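The block underneath contains the structure these notes are about, expressed in structure tokens.
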Amino acid sequence: MRTMTCIEDLRRTARRRVPRQFFEYADGGSYAEETLHANRADLERIRLRQRILVNVAGRSTKTTILGEPVALPLALAPIGLCGMQHGDGEILSCRAAQEAGIPFCLSTMSICSIEDVAGAVAKPFWFQLYVMKDRGFVRGLIERAAAAKCSALVLTVDLQVLGQRHRDIKNGLTVPPEMRIRNIIEIATKPTWALSIARGKRRTFGNLAGHVRGMQDVSSLAQWTNGQFDASLSWKDVEWIAGLWPGKLILKGIVDVEDARIAAKTGAAALVVSNHGGRQLDGAPSSISALPAIADAVGSSLEILFDSGVRSGQDVMRAVALGARACLSGRAFVYGLGAGGQAGVTRAIEIIRNELDVTMALTGVNSVKEIDRSVLVN
Ligand code: GLV
């Protein structure tokens, strides 16, 4: 892992080791991927202000997220199918995050279930919720997350319908992979991956299997999922969920100031400025371009988290400078997971932490609290 010096190295290794359908599921975006690319391009355009001869010997990347101490302003974002990037991927990623001192968020569409992860890690983690039409099932998921002592519920609010990802359709993405000739060849050429999956606890959606009545087999579970995302979801449902969830609620997927203002009145502890990593509305503004106005409008009423495009400590610096309390990172750690399991996720976090540390030094700041727009070149 020492020779992996940046997230792009992990990405290249993951691309070689993980079957194409799963690598591209994580790597890709929706439609023409304009928003996916805008997320990166707009971050890269933000220039940092080099300062010299400031004493930065005592600097620290530590801060808090939702009142909890963290080693750096970063959390691992909820990503579906981590257990298909590497066997037991969710457990390994959660362990890596906890050892590094940052939060991990488990996705509803994970392979390992809430209970699998809770039974295998030392500390509480966050749980991300999709609201399905079957509200009884949703209530059950919330109760399971509470029973597992999850420390925050992250409600995804930007996926009432799925933005089409061309690559997933072309690759025939299924969980587990269908044994078509092409997939058999892919898997045969990826023995390390195949072994890790064979040794993993599960090969289907762990939070759904066994919890959806009358649907035990994999293909009907997939059908159920496709038919279950709920287009009727509204702010009323957010109220319903806030009433059921006893802990901290985070609303994820806001890029509009008006939506942010409504979110701030729901009692949520935080919102995530996010366009779902360019996987939903193609043509939406980059997430970083939406951040400053949202931070200005509601940053004093709830914590502002940020995702979509974060691949480095410099990016974390940019987002914090523009008003984010912390970033969520999805692809960066998923590349690490595909490249090297838990050690790869650890490496991804380390890379970002070290980059942030050096970036703080070279912009002349000693604490995360000091990072504001003055570290940027206007
Ligand atoms: C689900 O959240 C996805 O983006 O695939």
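The values are calculated or read from the model by the stated rules, or taken from the named source; none is laboratory data. Since we're looking at a predicted model, the values are computed, not measured. Cβ placement follows ideal geometry from the backbone for every residue including glycine, while neighbour counts extend to all protein chains displayed. Accessible surface is based on the protein model in full, side chains and every heavy atom, while ligands, DNA and RNA are left aside. Shrake-Rupley method; radii C 1.70, N 1.55, O 1.52, S 1.80 Å.
Summary of computed values
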{"read-out": "Cα-based helix-to-principal-axis angle, 218-228 vs the chain, degrees rounded to 10", "value": "60"}
{"read-out": "On Cα atoms only, tilt of 235-244 relative to the major axis of the chain in degrees", "value": "80"}
{"read-out": "Relative contact order %, the chain, counting alpha carbon pairs below 8 Å whose residues are six or more apart", "value": "30"}
{"read-out": "Overall form of the range 80-190 per C-alpha gyration tensor (a/c, 1.5; a/b vs b/c)", "value": "oblate"}
{"read-out": "Length gained when the stretch LYS369-GLU258 is fully extended (0.36 nm per residue, less Cα-Cα span)", "value": "37.3 nm"}
{"read-out": "Top positive-direction residue, dipole computed over the chain with Cβ charges, set CYS94, ALA293, VAL157", "value": "CYS94"}
{"read-out": "Cα long-axis angle, helix 331-363 against the chain (0 to 90 degrees, to the nearest 10)", "value": "10"}
{"read-out": "Full-stretch length increase - LYS133, LYS62 - with 0.36 nm per residue and alpha-carbon distance subtracted", "value": "21.5 nm"}
{"read-out": "Calculated on alpha-carbon atoms, Rg and Dmax of the chain in Å", "value": "19.7, 67"}
{"read-out": "Estimated distance in nm for a label pair at THR192 and ALA120, the labels positioned 7 Å out from Cα along Cα-to-Cβ", "value": "1.9"}
{"read-out": "Computed lengthening from LYS201 to VAL161, 0.36 nm per intervening residue step minus Cα-Cα distance", "value": "11.4 nm"}
{"read-out": "Prolate/oblate/rounded label for the range 224-378 (Cα gyration tensor, a/c 1.5)", "value": "oblate"}
{"read-out": "Spin-label pair ALA361/GLU143, simplified geometry with 7 Å Cα→Cβ offset, distance in nm", "value": "5.3"}
{"read-out": "The range 250-303: translational diffusion in µm²/s, Stokes-Einstein, Kirkwood Rh over Cα pairs, 4 °C, 1.567 mPa s", "value": "118"}
{"read-out": "FRET E, pair ALA71, ILE181, Förster distance 51 Å, beta-carbon r, rounded to 0.05", "value": "0.65"}
{"read-out": "Residues GLU350 and ILE52, FRET efficiency given R0 of 25 Å [Cβ-Cβ distance, rounded to 0.05]", "value": "0.40"}
{"read-out": "Pair GLU44, SER234: separation of 7 Å Cα→Cβ label points (nm)", "value": "4.3"}
{"read-out": "Whole-angstrom Cα spans of the range 6-58 along principal axes, big to small", "value": "49, 26, 14"}
{"read-out": "Order of exposure, largest accessible area first, which applies to ARG165, ARG40, ARG95 with probe 1.4 Å", "value": "ARG95, ARG40, ARG165"}
{"read-out": "Cβ-derived FRET efficiency at R0 22 Å, ALA32 paired with CYS6, nearest 0.05", "value": "0.25"}
